[in-house]
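Every number in this text was worked out from the coordinates using simple rules, so none of it is lab data. Being a predicted model, the structure only gives us computed values, none of them experimental. Neighbour counts run over all protein chains shown; Cβ positions are idealised from the backbone, glycine included.
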Amino acid sequence: MNRYFRELSVTAALGLVLLGLAVFAPAFYQPQPLLSLATREAPTLVVMCGMALVIICRQIDISVGSQFSVCSVCAGLLAARGWPLFLVVPASAAIGAVLGSLNGLLIAGLRLPSIVVTLATMVTLRQGLNLVRQGEFVNLPDGVQWFGLSQATGQWVLVAAALLLLVTMGLALRHLAAGRWIYAVGSDTEAARLAGIRPQFVTFLVFVIMGALTGLAATMNLVQSPQIQPLTGAGLELKVIAAVVVGGVAISGGRGNLWGAFAGLLLLACISPALTHLHIEAYWEKAIQGAIILLAVVADGLRQRTGGQR
Amino acid sequence: MARGPQPAPKPMAATPSTPAPLLSLRGVAKSFGGVRALRGVDFDLQAGEVHALLGENGAGKSTLIKVITGAHQPDAGEITLAGRMLGGLTPALAQQLGIACIYQQPALFPDLTVAENIGLRLEPAAAIRRIGWQRRRALAAELLARIGAHISPEAEVRALSMPEQQLVEIAGAVGAGARVVVMDEPTASLTNREQERLFTIVRELRAAGVGVIYISHRLEEIFALADRVTVLRDGASVGTHGVSDMTEAGLIKLMVGREVAQLYPPAESTPGEIVLKLAGVGCADSGVHGVNLEVRAGEIFGLAGLVGAGRTELARVLFGITPVTAGVITLGGKTIAPRSPQEAVSHGIAYVPEDRRRHGVVLEMPISENMTMAIHPRLFPGAWLRFGAERSLALDFIRDLAVKCSGCDAPGGSLSGGNQQKVSLARWLATKPRLLILDEPTQGVDVGAKSEIHRIIRRLAKDGLAVLMISSDLPEVLGMGDRIGVMRGGTLTTVLPGGAPASTVMAAALGQDENKGAA
Amino acid sequence: MSAPTNVEGSAPAEPRPSWSWALQFLLRYETLLLAVLVAEWLLFYHYGTSTNRRGVVVGFGTIDRQFDILRHSCEIGLLALALTPVILTAGIDLSVGSLLGLCAVIFGKLWHDGGLSIPLAAALTLGLGALGGGLNATLITALRLPPLIVTLGTYSLFRGLAEAITHGAVTYTDFPASFLFLGQERWLGLPTQAWLFLLVAVVVWLLVHRTTFGRSFRAIGFSPEGARYAGLPVERRVAFAYVLAGLIAALAALIYTSRLGQAKADAGTGYELFAITAVVLGGTSIFGGRGSVTGTLLGVAAIAVLKNGLACLPVVIRMNAAEEMSGLLTGALLLLALTGSILPKILSTFRGRRQAG
């Protein structure tokens, strides 16, 4: 069986969906709504890159939604205070990195299971944020939206930036030694240690990167609307994990890549508008999302049992 | 602890014909708790030599290898590599110094490709470094071709067979420029053609000046490949000889010749009816095939053989962990084919596993709960726990088996190895089995507890139990077994009467005719 | 053959003095948690109770308030009870909150649109809960898939189905008073659902601590391979734990619907977090094997008192931040409990390593 079978099959499924839409709902393929869709999903793409790293490393992070909210609000407050965008962006990434390092310390340092740690930090961050902000919106000054450019230009900038990040990270993951270490640690922590890689350090770093990317994504979200509402980011983690898992990144770590995850994200992102155009109620989205996750995991499980035996 | 820095070591008596050795061990000793695995072993390896290491199970070969590769620190003695004394050797350091080991269980990353595995081994440790995939693939292809392995560099390691994984490891070792290559039973699962290829690789390594330590039980390989052979016995070296100076019989004699230091409780009963009968039993997955044997009530059937001969695999078939795919198992006249341990237990089969800490006893749970773990349906009808009954059962066994503990609530992990083994045994005796399979019952157990356990086993046999005892301890098998079956290559090759000489058993285990090659 | 791995050393044989046993009891995790609970309760009683202008006692110290705490903690408490066996087997179930929502909605639909009687609809809902748990169980035991991602998938699936069935908008209301009695009235002095909760608590406690099932859960959590070699039916026991969790989630759904008098698709959102927190806080190890139902109950109580007590504190009332404070503190508590829970593991590996020499 081809090594990249999963990635190819997801791409094929995506192709089918796109084809189906072309046939049954050609209204989907209008440039402006598509661009808007891409722009809306650009921050998700950035977070997805980080999540792929986390899962390849055999961990999980369900606190990204809360991290996103905190970074969004912080970035918004800074912007509202008059900080220029070229400072807000790195500041937001830095804040995200700090939040990520908290996860990293507990998970890599104390060897606690990532699901429960990130469950706890998810709630703590969200509630802490609510406590401080009391649900208050952050109103952004005029120059912030779309980087002060026109909407169309701003949208293109965002989409291009997200894609650039995807490509850069994808290449780094494949061609940089540090990238391969993530795979090694996710595949077999003991063997990695014996090979001279430091698993705890790699794990810590992965969570920091996750946080930094979330902070970055938050600024991409920032420039899209005139105000930040504290509920931004709700459900983000599930969306991103679903995309990554569907895209062939195994939850057991050590395999998968960003291209497959990207295909998974596109597939899932198409569901909602596809439902609209096919006149199916949007409320089926979550159920379909869950079903797709399960199908992907079952496929992985069956493949492991029949295919590569150890 | 290895001694601290010393003045420059005296080179081994360098005569014109024996240059200074590449690797030298002097007086290396290692103990685990109360058990001395190595006692003052001297060993040396020349560059460009294949030096075979021979010895029965438990003789200390694995420990010696682990000392050489840095996985264990010796308690005493010194290791010298190319004239330089090594202290505080770790696996990573050993690799850097050019000591590579091909274990039977390859330490590769299953989800990564062959090229990547080799690459991770060979490349420097810097993080921000560009991976040249072309270069990696080319290098891996070249290394694989050099050792004649037809494996694609793009193959996923998980999908490779064990021999192929071994070859990947060898390729990595070759590429890393290893000076000392240790091979631990490399031909165990190879076909003849693969073996030949491996021999060619070994010869090429030798020609290139690499020192190869070759562990194998196959005497024909040793004679075909090795220049010298060292025999270990009970943790000490009993001699290093040039291969051309030895015969097979001579080697076997070195391996087993010893004083019978221990007395075993004698058989007190005559065997009764046949309890277990195997006819052509085999399991496709585990390599066991065509096993015929019978065990009678009141009899201890010793099962001897070398590691990898298939004894534990046979036990797992009988216990339902792996399914029987060929042949017929008859227990007390009834044909059975257990598909789970539960089923096996219901038929009256009990299995005291080899891996005490992982399978025999749940370390975190109290002794009493461990002892009753296999008899829930019987002792606790309706799934309702009865602590009184459990406690009295536990106390009975603690008394009967003389388990040294601080009470039946003490966790299993707080006991010594021998006492843990007794708890494991108690668990299975509580099921009142008809057939008791013991897998290495006194492995890692001190002398005192060992003889206690032997007495217990003998008593059980006297009470009518049929006992199948797997053991790698040759004196134990010889002393306890009323009859001794020898397994080799997944099947039972011989059945010898109790009291057979050690050399006969060892020869059968090695697949040699012990009278062959007598000088 | 590898080198022998066990050390020879004799363990002490004398019995331990009685004060040592007493000390160990006092230092037991549950006792400490009980102390924390009592301290917490007293704290809120002191700062959260006052007398209003008309001389009536209001705030934390009133019976009404205490009963409210009891009411609110029943659903999360049930979910925590459901999760305890699952976590004991070293598994996890993130879908119980979503399953609650799905069951609530199905119940409403069966009664309202299907015209079924309340008891019948309730029975079918319980069956649905067991089925939901069965889906998890099948994927986890038969296909050997990791519980984390399976229940993450069903977390989404169940909630999604609930939303789809109700079109995201429909709320079922107007339940008969006889049904609302369960969630809103009192029986024999206590809120009705409390009796049901008590019953389930007793059953689960017995299951975990007095039956071979509980014994099996522990063994599987400590060592799945060891349990298999001991002849325990590992897959059956694990499947049972997940099916039971589904069943209890369905029961919680009924109580939730009765308490609020309505069934909506968002029922139980976020409950799984509180349930897991209660379980871990109660001393059950996330790695499996170690834990108790008593601990879980204490954990539920601690969280419920925290949540409701905070709402009574004047400073919190002024800040109007009851929900946030309780969420924040719960998250922090979970982190604390987690950090504390790895201590036994560190100790046991230390002890184990000493044994191995």
Cα extents of the range B:297-365 along the principal axes, largest first, in whole Å, come to 39, 29, 28
Long-range amide H partners of B:Met487, meaning residues 5 or more apart or on another chain whose placed amide H is closer than 5 Å, are B:Ala304, B:Gly305, B:Thr493
Starting from the Cα of A:Leu278, step 7 Å along the direction of its Cβ; do the same at A:Ala299; then give the gap between the two resulting points in nm. 1.6 nm
How large are Rg and Dmax for the range B:23-256 when only the alpha carbon atoms are used, in Å? 17.9, 58
What percent do you get for the relative contact order of the range B:171-294 when only Cα pairs under 8 Å and 6+ apart count? 15 percent
Cross-link partners of B:Lys462 among lysines (Cα-Cα below 28 Å; sequence separation of 8 or more within a chain): B:Lys277, B:Lys334, B:Lys404, B:Lys422, B:Lys432, B:Lys450
Ratio of Rg to Rh for the protein assembly as shown, alpha carbon only, Kirkwood? 1.00
Percentage relative contact order, the range A:5-305, counting C-alpha pairs under 8 Å, at least six apart: 36 percent
Label A:Phe201 and C:Ala332 with points 7 Å out from Cα along Cα→Cβ: what is the distance between them in nm? 3.4 nm
Taking Rh as the Kirkwood radius computed over C-alpha pairs, what is the Stokes-Einstein D of the range C:44-167 at 37 °C in a medium of viscosity 0.692 mPa s, expressed in µm² per second? 192 µm²/s
Nearby lysines by direct alpha-carbon distance to C:Lys307 (threshold 25 angstrom, same-chain neighbours under 8 apart not counted): C:Lys264
Dipole magnitude of the range C:59-339, debye to nearest 20 (Cβ charges: Lys/Arg +1, Asp/Glu -1, about Cα centre): 680 debye
Which one of C:Phe222, C:Leu180, C:Ser95 is farthest out on the positive end of the charge dipole of the range C:59-339, using unit charges on Cβ (Lys, Arg +1; Asp, Glu -1) and the Cα centre as origin? C:Phe222
Calculate the length of the line joining the C-alpha centroid of the range A:273-294 to that of the range A:33-106, in whole Å. 26 Å
Proximal charge balance of C:Ala275 [Cβ under 14 Å; K/R count +1, D/E count -1]: -2
Here the FRET efficiency for B:Lys334 versus B:Trp384, based on Cβ atoms and R0 = 41 Å and rounded to 0.05, is 0.85
Length-normalised contact order of chain C in % [C-alpha pairs under 8 Å, at least 6 apart]: 30 percent
For the protein assembly as shown, with the dipole built from +1 on Lys and Arg beta-carbon atoms and -1 on Asp and Glu ones, taken about the Cα centre, which of C:Val150, A:Ile293, C:Leu313 lies farthest toward the positive end? C:Leu313
If each residue's Cβ is checked for other Cβ atoms within 10 Å, how do B:Cys283, A:Cys270, A:Cys49, A:Cys71 rank with the fewest at the top? A:Cys270, B:Cys283, A:Cys49, A:Cys71
Charge dipole magnitude, Cβ of K and R +1, D and E -1 - the range B:336-385, Cα centre, debye nearest 20: 60 debye
Mind sorting A:Phe204, B:Phe301 by how few other Cβ atoms lie within 10 Å of their own Cβ, fewest first? A:Phe204, B:Phe301
Taking beta carbons within 10 Å but only from partner chains, what does the mean come to for residues B:298-309? 0
In bins 20 Å wide, starting from 0, what share of all Cα pairs of chain C does each bin hold, as a percent? 27, 54, 17, 2, 0
Gyration tensor (Cα only) of chain A to equivalent ellipsoid, semi-axes in Å sorted down, yields 30, 27, 17
How much net charge surrounds C:Ala227 when only the other residues with a Cβ under 13 Å from the Cβ of C:Ala227 are counted, with Lys and Arg +1 and Asp and Glu -1? +3
Report the paramagnetic label zone for B:Glu220: residues of the range B:236-253 whose backbone N is under 20 Å from a point 7 Å from Cα along the Cα-to-Cβ axis. B:243-253
What is the distance, in nm, between label points placed 7 Å from the Cα along the Cα-to-Cβ direction at C:Arg144 and at B:Gln195? 3.2 nm
Residue-wise HN-Hα coupling along the range A:263-275, computed from phi with Karplus coefficients 6.51, -1.76, 1.60 (Hz; x: Gly, Pro): 4, x, 5, 4, 4, 5, 5, 6, 4, 4, x, 4, 4
Determine the dipole magnitude for the protein assembly as shown: charges of +1 sit on the beta-carbon of Lys and Arg, -1 on that of Asp and Glu, nothing else is charged, the reference point is the Cα centre, and the result goes in debye to the nearest 20. 1040 debye
Expressed as a whole number, the average count of other chain Cβ atoms within 10 Å around the Cβ atoms of A:248-261 is 2
Can you work out the FRET efficiency for the pair B:Arg391 and C:Trp195, with r the C-beta to C-beta distance and R0 = 30 Å, to the nearest 0.05? 0.30
Scan chain B and report its longest stretch carrying no GluC sites (Glu not before Pro) that are both in a DSSP loop and have at most 12 other Cβ atoms within 10 Å. B:1-258
Once Rh is set to the Kirkwood radius over Cα pairs, what Stokes-Einstein translational diffusion coefficient, in µm²/s, holds for chain B at a temperature of 10 °C and a viscosity of 1.306 mPa s? 63 µm²/s
State the Cα centre-to-centre distance between the range C:305-328 and the range C:133-194 in whole Å. 27 Å
At a Förster radius of 60 Å, what calculated FRET efficiency corresponds to the Cβ-Cβ distance of C:Thr31 and A:Arg40, to the nearest 0.05? 0.70
Measuring from centroid to centroid over Cα atoms, what is the spacing of the range B:401-475 and the range A:172-222 in Å? 48 Å
Name the residue farthest towards the positive end of the dipole of the range A:106-190 from the options A:Thr189, A:Leu164, A:Ser150, assuming +1 on Cβ of Lys and Arg, -1 on Cβ of Asp and Glu, about the Cα centre. A:Thr189
